[in-house]
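Asker: Structure provided below as structure tokens; questions to follow.
The values are calculated or read from the model by the stated rules, or taken from the named source; none is laboratory data. All figures in this text were calculated on a predicted structure; none of them were measured in a lab. Every residue, glycine as well, gets a Cβ built from its backbone with ideal geometry; the counts of neighbours run over all protein chains shown.
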Amino acid sequence: MAVDQSRIRNFSIIAHIDHGKSTLADRILEMTQTVDPRQMREQLLDSMELERERGITIKSQAVRVFYESKVDGETYQFHLIDTPGHVDFTYEVSRSLAACEGALLVVDASQGVEAQTLANTYLAVDAGLELIPCLNKIDLPGAEPERVAAEVAELLGEDPDAIKRISGKTGMGVDEVLELLVEKVPPPGGDPDAPPRAVIFDSEFDQYRGVIAYIRVVDGTFAKGDAIRAMAAGTEAEIDDIGFFTPAMTPVETLTPGEVGYLITGVKDVTRLRVGDTLTLKRNGATEALPGYREVRPMVFCGLFPLDTDRYPDMRDALEKLSLNDAALFWEPETSDALGFGFRCGFLGLLHMDIVRERLEREYDLDLMATMPSVGFEVTLTDGTEMDVHNPSDFPDPASVQEVREPMVKASILTPKEYVGTIMELCQDKRGEHAGMHYLSAERVQLEYVLPLAEIVLDFFDQLKSRTKGYASLDYEPIGLKASDLVKLDVLLGGDVVDALSMLVHKDKAYPLGRTLTEKLREKIPRQQYDVPIQAAIGAHIIARETVKAFRKDVTAKCYGGDISRKRKLLERQKEGKKRMKQVGRVEVPQEAFLAVLELGDSR
């Protein structure tokens, strides 16, 4: 059913996590009769089991919906793009928004404006979208529509009464929102006669058909059989299949300007069709790419090791398969003296890391041990050489280091005003610099801090939630690198460095952390037949030490009275034996010891 370009509306739904995006999308699909009622289920667009279980959206989705307006009786073609809500996936959200002209800003009527609401609003404003604010969940007993409407109105500079009150669960007010989309969201621009250009806003991998690229056509027409080229990656391929989602894949012959759909080329590697890249024809194609593309760089790194070392090849296969679907996942083989063979993996953020690890364990039946998450550092050596360090054990000798630069982020924290003091204290503890403070309403405050990413990846979010009873919300964006006084803290067991326990920390925190670390490990490492010294060191300088005391048999028990020299001789002989044993003995580090280190976030 071909629809004139002036009757196409592309919009996305943006909101903080758990404010009801996917439920509202369900109602829109239901009210436009896009999905057969028998196939309808909750969170229809969240196809991954993990998404449905955690109640979050991880992958973007794009559905074509036909809507007959009650005002002018015309049929309009909507493209609904459902976006992730989490801070880790901000780049994916920005690319999805670039494929739209409008956005529904959904705010929970009981929770109010939260950090991710603000972040996504700014992304939408930067992309020049027409925003339609809606208060969702007004059927809840705890809803406060008047208070939240005032917050949203303050944010957008709108009249509080003009903000639509809806319920994604019951469908109340959703028909009015559909009419607003027709009325307010402009039709897509784009010249049908210009050289074809389309933006990739997401991709997924199908084991039979290769990469499926989700695209929004900007200019010209793409047809089945066309030879195309990705302008940033340089990938060339032929279109095997082209179509749109309803949410099922529906093939068509062509996609024209303003339309959203998919194309399949048989390319087997997701990294060759990257999110944000521009597609054009191989011959007589466009010369200028669409703006906004950037390489996605991993921000958080950690080592993943199979507990059963025989499963190492299985883990490699699993990571290769996951990488087909996830272009942002970085991994390389790593060997640890303590943990054996495994992989050093890079992720967009902590949620991304958690999801990848859980998918490896659940979908590929692997038991994994994860090392402490760290971030990537840039190091300048005294001879002028620059190097990137993703693994603390690769950190060069301190004597040869001239400067270390660590990634910084600008954090935006929204909180009720009574928790401002505790949050400031937390940010100060985490080496934060205060960058601003705004009152969004009489009760809610937005705090801005510049913080090292290394402090956020450990337990910042958990601490923030526990200190504010769950009321504060956090959003952050990278702002570059900054020189910092960082040192490598090593842990030695019996004089040998345990590489998996090494970490990069700020010099001021190294001493208290070294003490806490050695105390924690003393409790977790089992006693041996000889003393085991546990030391924390910076280079050759030992800063803390604890000893796991040896088991000792009472060798003098058989002596009855008599000369002391007899007892001394037995004790000396025991001491000699322990010394010989210590020379050949090797301490096994139990998994509990690694877990104890992961719990150390509090003292950092």
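Asker: Among the residues in the range 352-359, are any surrounded by fewer than 16 Cβ atoms within 10 Å (Cβ to Cβ) and either at pLDDT 85 or above or within 25 Å of Asp490 (Cβ to Cβ) (or both)?
Answerer: yes
Asker: Here's a follow-up. With respect to Pro257, determine if the residue is surrounded by fewer than 22 Cβ atoms within 10 Å (Cβ to Cβ) and either touching an Asp or Glu at 6+ places or on another chain (Cβ under 8 Å) or at pLDDT below 85 (or both).
Answerer: On the way: surrounded by fewer than 22 Cβ atoms within 10 Å (Cβ to Cβ): no; either touching an Asp or Glu at 6+ places or on another chain (Cβ under 8 Å) or at pLDDT below 85 (or both): yes.
No.
Asker: I would also like to ask the following. Based on what the data block shows, is Glu320 acidic (Asp, Glu) and surrounded by fewer than 21 Cβ atoms within 10 Å (Cβ to Cβ)?
Answerer: Details: acidic (Asp, Glu): yes; surrounded by fewer than 21 Cβ atoms within 10 Å (Cβ to Cβ): yes.
Criteria met by Glu320.
Asker: Can you tell me how many residues within the range 415-456 are over 29 Å from Val375 (Cα atoms), assigned to a loop (DSSP other than H, G, I, E, B) and not polar (S, T, N, Q)?
Answerer: Count: 3.
Asker: Between a first residue in the range 212-227 that is in the same structural domain as Asp240 (by TED's automatic domain parsing) and a second residue that is outside any strand (DSSP E or B) and of a type in the set (D, E, K, R), which pairs have beta carbons less than 7 Å apart while being 6 or more apart in sequence or on different chains?
Answerer: Val217/Glu259; Asp219/Asp191; Ala223/Glu253; Lys224/Glu253; Ala227/Lys282; Ala227/Arg283
Asker: Inside the range 335-385, counting only strands (runs of 3 or more DSSP E) that do not spill past its ends, which hold 1 or more residues that are polar (S, T, N, Q)?
Answerer: The qualifying strands (runs of 3 or more DSSP E) are 377-381.
Asker: Hey, another quick one. Testing Ser466 on (1) assigned to a helix (DSSP H, G or I); (2) surrounded by 17 or more Cβ atoms within 10 Å (Cβ to Cβ); (3) not charged (D, E, K, R), one condition comes back false. Which one is that?
Answerer: Condition (2) is where Ser466 drops out.
Residue-wise test of (1) surrounded by 14 or more Cβ atoms within 10 Å (Cβ to Cβ); (2) among the basic types (Lys, Arg); (3) free of Cβ contacts under 8 Å to residues at least 40 places away in the same chain.
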| residue | (1), (2), (3) |
| --- | --- |
| Gly243 | yes, no, yes |
| Pro251 | no, no, yes |
| Tyr262 | yes, no, no |
| Val270 | yes, no, no |
| Arg274 | yes, yes, no |
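Asker: For the condition farther than 30 Å from Val148 by Cα, in contact with a Gly (Cβ under 8 Å, 6 or more places away or on another chain) and at pLDDT 85 or above, what is the one hit in Glu448, Glu455?
Answerer: Unique residue meeting the criteria: Glu455.
Asker: Here is a list of conditions, (1) more than 19 Å from Val182 (Cβ to Cβ); (2) charged (D, E, K, R); (3) at pLDDT 85 or above, and Glu154 meets all of them except one; can you say which number that is?
Answerer: All conditions pass for Glu154, except number (3).
Asker: Output the residues belonging to the range 390-405 that are within 19 Å of Asp490 (Cβ to Cβ), touching a residue at least 40 places away in the same chain (Cβ under 8 Å) and assigned to a strand (DSSP E or B).
Answerer: Val404
Asker: Here's a follow-up. Any residue in the range 425-454 that's within 13 Å of Thr415 (Cα to Cα): show its pairings with residues that are part of a strand (DSSP E or B) and aromatic (Phe, Trp, Tyr) at Cβ separation under 7 Å, as long as the two are six or more apart or on different chains.
Answerer: Pairs that qualify, where the first residue is within 13 Å of Thr415 (Cα to Cα) and the partner is part of a strand (DSSP E or B) and aromatic (Phe, Trp, Tyr), are Val445/Tyr439.
Asker: Being under 25 Å from Leu501 (Cα atoms) and surrounded by fewer than 19 Cβ atoms within 10 Å (Cβ to Cβ) is true for just one of Thr309, Thr287. Which residue is that? Before you say what the answer is, go through the steps one by one.
Answerer: Details: Thr287 fails: under 25 Å from Leu501 (Cα atoms).
Selected residue: Thr309, the only one of Thr309, Thr287 that is under 25 Å from Leu501 (Cα atoms) and surrounded by fewer than 19 Cβ atoms within 10 Å (Cβ to Cβ).
Asker: From the list Gly276, Gly243, exactly one residue is modelled with pLDDT of 85 or more and under 32 Å from the mean Cα position of the chain (by Cα). Which is it?
Answerer: Values: Gly276 fails: modelled with pLDDT of 85 or more.
Residue meeting the stated conditions: Gly243.
Asker: What about Arg197, is it surrounded by fewer than 21 Cβ atoms within 10 Å (Cβ to Cβ) and not β-branched (Val, Ile, Thr)?
Answerer: no
Asker: Right, another one. Going by what's in this entry, would Asp508 be described as touching a residue at least 60 places away in the same chain (Cβ under 8 Å) and not β-branched (Val, Ile, Thr)?
Answerer: Criteria not met by Asp508.
Asker: So, one more: Just the residues that are in contact (Cβ under 8 Å) with a residue 24 or more places away in the chain and surrounded by fewer than 24 Cβ atoms within 10 Å (Cβ to Cβ), please, taken from the range 115-124.
Answerer: If we filter the range 115-124 for residues that are in contact (Cβ under 8 Å) with a residue 24 or more places away in the chain, which is where we start, we get 115-121, 123-124.
Of everything in the range 115-124, those that are in contact (Cβ under 8 Å) with a residue 24 or more places away in the chain and surrounded by fewer than 24 Cβ atoms within 10 Å (Cβ to Cβ) turn out to be Ala115, Leu118, Ala119, Thr121, Leu123, Ala124.
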